[in-house]
1. I need every pair where a residue in region 65-87 that is touching a residue at least 60 places away in the same chain (Cβ under 8 Å) has its Cβ under 7 Å from the Cβ of a residue that is crowded, with 23+ Cβ neighbours inside 10 Å and not in a helix (DSSP H, G or I), sequence separation at least 6 or different chains.
2. Please find, within region 18-52, the residue that is nearest to the chain's Cα centre (by Cα) out of those that are of a type in the set (S, T, N, Q) and over 17 Å from Val80 (Cα atoms).
3. Is it the case that region 392-406 has a residue that's in a helix (DSSP H, G or I) and touching a Ser or Thr at 6+ places or on another chain (Cβ under 9 Å)?
4. Return the residue satisfying two criteria in turn: it lies in region 202-212 and is of a type outside the set (Gly, Ala, Ser) and surrounded by fewer than 16 Cβ atoms within 10 Å (Cβ to Cβ), and of such residues it is modelled with the lowest pLDDT.
5. Give the number of residues within region 167-184 that are in contact with a Gly (Cβ under 9 Å, 6 or more places away or on another chain) and farther than 21 Å from Ile308 by Cβ.
6. What are the pairs, 6+ residues apart or on separate chains, where a residue within region 173-201 that is in contact (Cβ under 8 Å) with a residue 60 or more places away in the chain has its Cβ under 6 Å from a residue that is surrounded by fewer than 20 Cβ atoms within 10 Å (Cβ to Cβ) and polar (S, T, N, Q)?
7. Show the residue pairs meeting these rules: Cβ distance below 6 Å; 6+ apart or different chains; first residue within region 351-364 and among the polar types (S, T, N, Q); second residue at pLDDT 95 or above.
8. Would you say Ser363 is of a type outside the set (A, V, I, L, M, F, W, C), assigned by TED's automatic domain parsing to the domain that holds Val248, crowded, with 24+ Cβ neighbours inside 10 Å and within 19 Å of Arg253 (Cβ to Cβ)?
Amino acid sequence: MAMLQVTLSFSILLFSLGLDQSYVREFHEAESKPALLKCAMLPGLVLLLGTVSALLLLGGKPADWLFDVPALHLSLLVAVALIASYIARFLSLVLRMNERGLAFSMSQLLPKLLLLVIIGVYITVGADKDLTNLVLANTAAIAFVCAIFGWNTRSDWYRGIRATLDIDQLKGMLRFGLPLILGGLAFWGLTAIDKVFLRTLASFEELGVYSVAVSFAAAATILQGVFSTVWAPTVYKWASAGTGLESVHKVSRYILALVTLGFALAGLLSWVVTFFLPANYEPVQWIVVSCMGYPLLYTLSETTVVGIGISRRSSFSMLAAITAFAINLVGNWWLIPIFGAAGAAVSTCVSFWVFFFLRTEFSIYLWKPMPRLVLYSFTLVCVAGAAVFTLWGQVLKGWMVGYWLVVLVCWAVAFREEVLEVAGFFRRKVV
């Protein structure tokens, strides 16, 4: 099923033509929201339908490529999943941009929940545990979620069907969106190349250790997911109204405080994971800190990259992703043969710092200056500490505890005002 998930995510990235991001960018400035939805959704849908139809003429060949089983019925199920996931992607954006937060959050959870329900039904009725039933369960979950989104957004897409397609608007959206395809592919590679290199240059044991460390670090993706969901619509709403943009720096300081705290606490408490793992997974406690780099630094970069989106110069986002991807390629090739899973974690962490740095500098170049000495100082200290902790933490145990305690003290001093503001906010809520 891993190949099916990769295919679905890749097809959305490719066939959306970057117009999903254009939809988010233009939403608050568009005179007709339904017409904007049509401009964003229609070109990729036509391209996807044409591609899927051509592939189905090959019979079971698509299923053979994915599952090594040349079966026409599997190819048909994959085709339905591709189309449903594409439509669901755009309809979920309608919920997100209309600030229907609960409905959008459910859009992220429903496919997984429905898949579990369907598998539970399979177990109850004693269905065969074969590939067809597994693909059917995934496809049914995606199609059902798409139907729910269709009902929740029925007024939007119905008016979108009747709206006139604005070719000039579409051209402008493509100019913004198309560079994001290459950037998205590079980002996809940036987050996946470590596993590919581990599979090629190291052992399955190293890949297993790394996968477990990434799973523990995935807790930080909660911050990434929640913030990304709220932030993009908010900042573009500010841009369309011409107000609120002065808050960008303040938000970036709050996120920087959370990122620094996340690294420091991970460095001090990573030993806790050993209570949940077998002895042969002991290296996870050192690797997990560097694995935090992806979700934490990516979240921080979302606060500093707003200038690229506001200026509509999306080619700079593409350049940042491609550069970071290239650095991760070299880093994995160099470090994995020496350090194994630890090398992959460090390479990815450093690459995401470069990604954050480039997005920040490009945003400043295209938009307006912002204070960044504290940004770069704390993130460099965290990334350097994470790298040393991951590669040599087992030798420098006591020294690394001291290092993270110093970082924590510096954090308390530098972000004293933010901490007091948050404490005051919760105190008022309680009272």
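1. Between residues of region 65-87 that are touching a residue at least 60 places away in the same chain (Cβ under 8 Å) and residues that are crowded, with 23+ Cβ neighbours inside 10 Å and not in a helix (DSSP H, G or I), there is no close pair.
2. Here is the first cut: in region 18-52, the ones of a type in the set (S, T, N, Q) are 21-22, 32, 51.
Subset that is over 17 Å from Val80 (Cα atoms): 21-22, 32.
Working: Gln21: 13, Ser22: 17, Ser32: 29 Å.
Looking at residues that are of a type in the set (S, T, N, Q) and over 17 Å from Val80 (Cα atoms), I get Gln21.
3. no
4. Out of the qualifying residues, it is Phe204.
5. Number satisfying all stated conditions: 0.
6. That search, which allows pairs on different chains as well, returns Pro179/Ser315.
7. Matching pairs, first to second residue: Ser351/Ala324; Ser351/Ile327; Ser351/Asn328.
8. Considered against the rule, which asks whether it is of a type outside the set (A, V, I, L, M, F, W, C), assigned by TED's automatic domain parsing to the domain that holds Val248, crowded, with 24+ Cβ neighbours inside 10 Å and within 19 Å of Arg253 (Cβ to Cβ), Ser363 comes out as yes.
The values are calculated or read from the model by the stated rules, or taken from the named source; none is laboratory data. In this text, all values refer to a predicted model and were calculated from it rather than measured experimentally. Methodologically, a virtual Cβ is constructed for each residue, glycine included, from the backbone with ideal geometry; neighbour enumeration extends over all protein chains shown.
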